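Reading through the structure tokens given below for one structure.
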């Protein structure tokens, strides 16, 4: 049996979950929520100009999450289900079948992504996939209301750290962790692809094709 990690954006989902959230927000958000988004965009542009594209994306992601402040779990579930309905046409069907093949062999499958956890839960439920989810968490207060804050964004090196934390929490034997697969698509996934024993690049763009070829990583179209 093996551990199999699946990236989400650009991999299991052939789109960008942040852009999808923005699209649904155009229909659902109030003017107050758009003020929050606009303010976050300006802040992200300023920080990104100094610290780069990744910093811009992370800061804008955090600002977007602030629009969920005060929402109940039920309200968020409605939002993310609409997001799933909008996004499900871009499912990588061949990869879904690959996941099912792994599960038939007894492998443990983990969706490991920077996308928001409630979105991934709704998405995998729609696909009838019984998988573990390790992703960016929305935070809630003691009353069960969203604070508008998020936990650590699970991207880049954080994916490897999060996976190692999960392995420790499961008290897995050394034999259980000898075979680890990763299906991912982008340069931010390189730390994870270097970490696992079976790195597989999914639908790579030109730059990732070259990196995959240099590292002799398998490519899954």
Query raised in the report: When you go through (1) farther than 21 Å from residue 20 by Cα; (2) in a strand (DSSP E or B) one by one for residue 114, which number turns out not to apply?
Result: (1)
Query raised in the report: Can you pull out the residues in segment 70-106 that are more than 17 Å from the chain's Cα centre (by Cα), buried (at least 16 other Cβ atoms within 10 Å of the Cβ) and not in a helix (DSSP H, G or I)?
Result: 71
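Being part of a strand (DSSP E or B), surrounded by fewer than 19 Cβ atoms within 10 Å (Cβ to Cβ) and modelled with pLDDT of 95 or more, is that true of even one residue in segment 121-132? Explain how you work it out, then say what you get.
At the first step, the residues of segment 121-132 found to be part of a strand (DSSP E or B) are 132.
Next, only the ones that are surrounded by fewer than 19 Cβ atoms within 10 Å (Cβ to Cβ) stay: 132.
Then keep just the ones that are modelled with pLDDT of 95 or more; that gives 132.
Within segment 121-132, one or more residues are part of a strand (DSSP E or B), surrounded by fewer than 19 Cβ atoms within 10 Å (Cβ to Cβ) and modelled with pLDDT of 95 or more.
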Report task. Mind listing whichever residues of segment 169-199 are in contact with a strand residue (DSSP E or B) (Cβ under 7 Å, 6 or more places away or on another chain), under 12 Å from residue 2 (Cβ atoms) and in a helix (DSSP H, G or I)? Result -> 177
Query raised in the report: So, of the residues in segment 188-207 that are modelled with pLDDT under 95, farther than 13 Å from residue 95 by Cβ and surrounded by 14 or more Cβ atoms within 10 Å (Cβ to Cβ), which turns out to be nearest to the chain's Cα centre (by Cα)?
Result: 188
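The values are calculated or read from the model by the stated rules, or taken from the named source; none is laboratory data. The shown structure was predicted, so the numbers you read here are calculated from the model rather than taken from an experiment. No Cβ is skipped: glycine too gets one built from the backbone with ideal geometry, and neighbour counts run over all protein chains shown.
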